[in-house]
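The values are calculated or read from the model by the stated rules, or taken from the named source; none is laboratory data. These numbers come from a predicted model, not from an experiment. As a convention, Cβ positions derive from the backbone with ideal geometry for all residues, glycine included, and neighbour counts pool all protein chains shown. Surface accessibility is based on the protein's heavy atoms, side chains included, excluding ligands, DNA and RNA. Shrake-Rupley method; radii C 1.70, N 1.55, O 1.52, S 1.80 Å.
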Amino acid sequence: MPRSLFLKIFLWFGLVMLTVIFGTFLVGELMRPERSEQRTRRPLDPILNIYGKDAAEEYERGGQTSLNNYLDSAQRQSNLRLFIFDNQMRELLGRRIPADAPDVARKVLETRLPEFVNRSGSPLLARPVRTDSSAQYVLVAELPPPPQSWMFHPVVHMLAVGLMGGLFCYGLARYLTSPVTKLRAATRELARGNLSARVVPALGGRRDELASLAADFDEMAEKIQLLLDSQRRLLGDISHELRSPLARLNVALELARQRSGETAQSALERIQREAETLNEMIGQLLALTRLESGAEEISKTEFELAPLVGEVVTDADFEAQARNRSVKLGNATGAIVLGVPNLLRRAIENVVRNAVHHTAEGTQVEIELVDSSVSGSPIAPLRSAAKLNGADLQAVSIVVRDHGPGVPAEALAEIFRPFYRVDEARDREAGGVGLGLAIAERAVRLHGGIIAASNASDGGLIVRITLPASLTEKRAAD
């Protein structure tokens, strides 16, 4: 059984339609001889009554010559070949008669009832004739052969009706499933982050149950959009309000540095570094909030991805050395990306720093830049037919792998939510607040890509960032 609702409706309606057509055709074929006789006899009965009586009277009045003249005139007017038999079964003009005519005439003389013979060539219609002198005759009329055009064949009629029924079933199935198809498309758009996706405007003036379902979907999507917009505004407002106390903290820090002695300088420098980190995080959060809300235009440029990843690896490796860890870049694929370099750098940096925080001591974080332009790639639904730098748009993945404890399977999709922490105590020790991967996810999504996490078979976490890109050449990282 097909899985498509359209095919199910079309096939079921088509099956019912074909059953009705076949049944009608079968009944029609069984009743065809009777209907054929009735259609032929009814319009000819009054005419043949007149022809038969007039022909017999002409014969009695003027003999064969008068009868011959009358039948010739009648045949020219009606396009019927007429024959008169007497009660001795003799054709009165002695002409060549059809093969079945004597048998039909004899039966009429015996039954005194009209007879019809539907021969393959020309049908015969015979009627009894009685004159005023009480003489008995039989008039046999040979009808012209029916038209033999293929358009009159019953099979052609059945095929024509079947074609019309098929078109009707197709239109009905399309009418019933069109709202479902549009609802499915809107659902996919909503899942991809397009919160403005709606269904009702695409349905026109429909007022049925499917239109009500579409209206419910639009109402749900609107409420989700309002909730998320409110959340983004709240986050932006809070981040903006934090700027003021942070600025006062920096002023107080400078005053404390001027008034304190050398013993307090190291602690004050630590406070300054943390304040700068907090200020940078707030600024980045505000920028992402503006970008997601559409309040700020994204100025995208084309740039090489491999050098940007190399810079992130160099900086992260320098920081990791102090914690007896390292960051290494393996094979890299040359790729050109269209986007915001600083924003994408921040996303990659957050993922790499998260890996450095959680990889085991004495191990290294492994990073690769690989070609993901394969059939069935997860980036495929996000790519367009556009070209970048004159080349076909493909996909490239940045794979970051650590050797830490990994993440529980049920939390793999949750780690990209803001302020989510797998282990509260561990993340506090690492200095995390649950924003790094969330910022990375939003930045990657703004570049038309996707980010996903999975556990390695031998331990550790693998984070894959897949982006639309134009691949150049493959090279090994230095």
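Here are some notes:
- Modelled FRET efficiency - R0 56 Å, N49 with D371, Cβ distances, 0.05 increments: 0.05
- Within the accessible area of the range 156-255, the carbon and sulfur atoms contribute 65%, probe 1.4 Å, all protein chains present.
- Segment Q75-K107, extension gain: residue separation times 0.36 nm, minus the distance between their alpha carbons: 9.1 nm
- Solvent-accessible area per residue, Å², over the range 179-290 with all protein chains present [probe radius 1.4 Å]: 66 Å²
- Förster radius 60 Å - calculated FRET efficiency between A322 and L15, Cβ distance, rounded to 0.05: 0.20
- Amide H within-cut-off set for Q394, under 5 Å, with H built and near neighbours excluded: A469, S470, L471
- Per-residue SASA entry for D72, accessible area with 1.4 Å probe, Å² rounded to 10: 50 Å²
- Accessible solvent surface per residue of the range 69-136, calculated while the other protein chains remain in place, 1.4 angstrom probe, Å²: 55 Å²
- Peptides 323-330, 343-350 ordered by packing proxy, namely the average of other Cβ atoms within 10 Å per residue, highest first: 343-350, 323-330.
- Annotation: amide H of Y420 has no partner in the under-5 Å range at sequence separation 5 or more or interchain, hydrogens built in the peptide plane.
- Amide hydrogen neighbours beyond the local backbone of V129, cut-off 5 Å, H modeled: Y137, V138, L139
- Residue by residue, the range 355-370 carries 3J(HN,Hα) couplings of 5, 5, 4, 10, 6, 5, 5, x, 10, 10, 8, 9, 10, 9, 10, 10 Hz when phi is fed to the Karplus relation 6.51 cos²θ - 1.76 cosθ + 1.60 (θ = phi - 60°); x denotes Gly or Pro.
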